[in-house]
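Okay, structure first, notes after.
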Amino acid sequence: MSMTQQAAPAVTPPPASGPKGADGRTRQRPLALRLLARPEVGVFLGAVAVYVFFLVAAPPVRDGSSMANILYQSSTIGIMALPVALLMIGGEFDLSAGVAVITSALTASMLSYQLTMNVWVGVIVALIVSLAIGFFNGWMVVKTGLPSFLVTLGTFLILQGVNLAVTKLVTTNVATDDISDMDGFGQAKKIFASTFEVGGVNVKITIVYWLVFAAIATWMLLRTKYGNWIFAVGGNKESARAVGVPVTFTKISLFMLVGFGAWFVGMHQLFTFNTVQSGEGVGQELIYISAAVIGGCLLTGGAGSAIGPVFGAFMFGMVQQGIVYAGWNPDWFKAFLGVMLLGAVLINLWVSRTATRR
């Protein structure tokens, strides 16, 4: 070989540009699988299935007034399911949410009636009481390190006993007195329990509040620093604390959001029925938690959405009223909900595995 000749360098030509489908790590998953990875997609499909089922099984559901009633029942569950879902994403539970609704309503009713005050005084004091209950739950969980299941179970029992005992002591009855003729009642009713007409159908204002709160919660989760904090503390609070997330503030504020929801629903019940039964609310906390779980919120925290519980609450309202419209025995309601909950959990598990399968 001549000295002037040089060997050609052993250079491998670059690969041609095109889709990188050979490496599973970089291959983009199909759109269907990416959609299934969203926690709210499974419950949306379930809600559609339940809706279609009752459209066929219960013809009265097709009427506009019936659907308005279904949405109303869904909204009373959904308004509470939203803060409960946020709390679950943050890694905690609140078993006192159901009786806290009644505590709020009892506080406003008895304070206004027994002291002969404007009902707005009772409404404001009830808000303070509800937020204080939420603060207490959050503070106990953060400061003691006890599971929120145990802390809020204790609060549940305390509030249940206080609701009954104080109501009997003050009113000598298990229900509060009628406050419909008191100052400020009409104004409060317009805000918390009014009805408006759409196409000849009466619609409860709680439906509007439900959708507005869902939109706010979704924006907060996806577009704010506070939303990132919620996911962080729910995933791993120690790691979150290490990167500067205010874990104590986030946890306590989430419990206080549940308190706010309890106050709002309590005010709706008070100004809808004018009186409050002190023994109500027991068992509702399981409905709220179930709606959140069906909506895709993991029991372990760190994952979920605000839209999923909206569909979860709709499924509950659809089943609750659909059974009545179908003429079935309403005693089957809880059994139906149990089957629906187990089915939703299994579907969420299947969806999660399918979405992460290579």
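The values are calculated or read from the model by the stated rules, or taken from the named source; none is laboratory data. Just so you know, these numbers come straight off a predicted model, no measurement behind them. No Cβ is skipped: glycine too gets one built from the backbone with ideal geometry, and neighbour counts run over all protein chains shown. These area figures cover heavy atoms from the full protein model, side chains too; ligands, DNA and RNA do not enter into them. Shrake-Rupley method; radii C 1.70, N 1.55, O 1.52, S 1.80 Å.
Scanning the range 140-162 for residues that are surrounded by fewer than 16 Cβ atoms within 10 Å (Cβ to Cβ), over 21 Å from the mean Cα position of the chain (by Cα) and either within 25 Å of Phe192 (Cα to Cα) or of a type in the set (A, V, I, L, M, F, W, C) (or both) yields Leu146, Leu157, Ile158, Val162.
Within the range 178-197, one or more residues are of a type outside the set (Ser, Thr, Tyr), more than 30 Å from Leu115 (Cα to Cα), exposed (fewer than 13 other Cβ atoms within 10 Å of the Cβ) and without any contact (Cβ under 8 Å) to a residue 12 or more places away in the chain.
Restricted to helices (runs of 4 or more DSSP H) entirely inside the range 31-145, those with at least 1 residues that are within 26 Å of Leu157 (Cα to Cα) are 64-89, 97-114, 119-144. Scanning the range 211-218 turns up one or more residues that are open to solvent by less than 20 Å² (accessible area, probe 1.4 Å) and under 19 Å from Ala85 (Cβ atoms). It is to be established whether one or more residues within the range 107-119 are over 28 Å from Ala68 (Cβ atoms) and in contact with an Asp or Glu (Cβ under 7 Å, 6 or more places away or on another chain). Yes.
Restricting the search to the range 248-300, which residues are closer than 21 Å to Thr176 by Cα, outside any helix (DSSP H, G or I) and not small (Gly, Ala, Ser)? Those that are closer than 21 Å to Thr176 by Cα, outside any helix (DSSP H, G or I) and not small (Gly, Ala, Ser): Asn274, Thr275, Val276, Gln277, Glu280, Val282.
Restrict the check to the range 249-270 and report whether at least one residue is aliphatic (A, V, I, L, M), open to solvent by less than 10 Å² (accessible area, probe 1.4 Å) and modelled with pLDDT under 90. Taking every residue of the range 249-270 in turn, none turns out to be aliphatic (A, V, I, L, M), open to solvent by less than 10 Å² (accessible area, probe 1.4 Å) and modelled with pLDDT under 90. Asn137 meets the conditions (1) open to solvent by 10 Å² or more (accessible area, probe 1.4 Å); (2) at pLDDT 95 or above in every case but one. The failed one is (1). Answer with yes or no whether Val233 is modelled with pLDDT of 90 or more, more than 16 Å from Ala292 (Cα to Cα) and open to solvent by 60 Å² or more (accessible area, probe 1.4 Å). No. Taken over the range 163-177, the residue count meeting the criterion of being surrounded by fewer than 15 Cβ atoms within 10 Å (Cβ to Cβ) and outside any loop (DSSP other than H, G, I, E, B) is 3.
This table checks each residue for (1) open to solvent by less than 10 Å² (accessible area, probe 1.4 Å); (2) at pLDDT 95 or above; (3) of a type in the set (A, V, I, L, M, F, W, C); (4) over 30 Å from Phe231 (Cα atoms).
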residue: Ile70; (1), (2), (3), (4): yes, no, yes, yes
residue: Gln73; (1), (2), (3), (4): no, no, no, no
residue: Glu92; (1), (2), (3), (4): no, no, no, no
residue: Leu95; (1), (2), (3), (4): no, no, yes, no
residue: Gly98; (1), (2), (3), (4): yes, no, no, no
residue: Val101; (1), (2), (3), (4): yes, yes, yes, no
residue: Ser104; (1), (2), (3), (4): yes, yes, no, no
residue: Ser112; (1), (2), (3), (4): yes, no, no, yes
residue: Thr116; (1), (2), (3), (4): no, no, no, yes
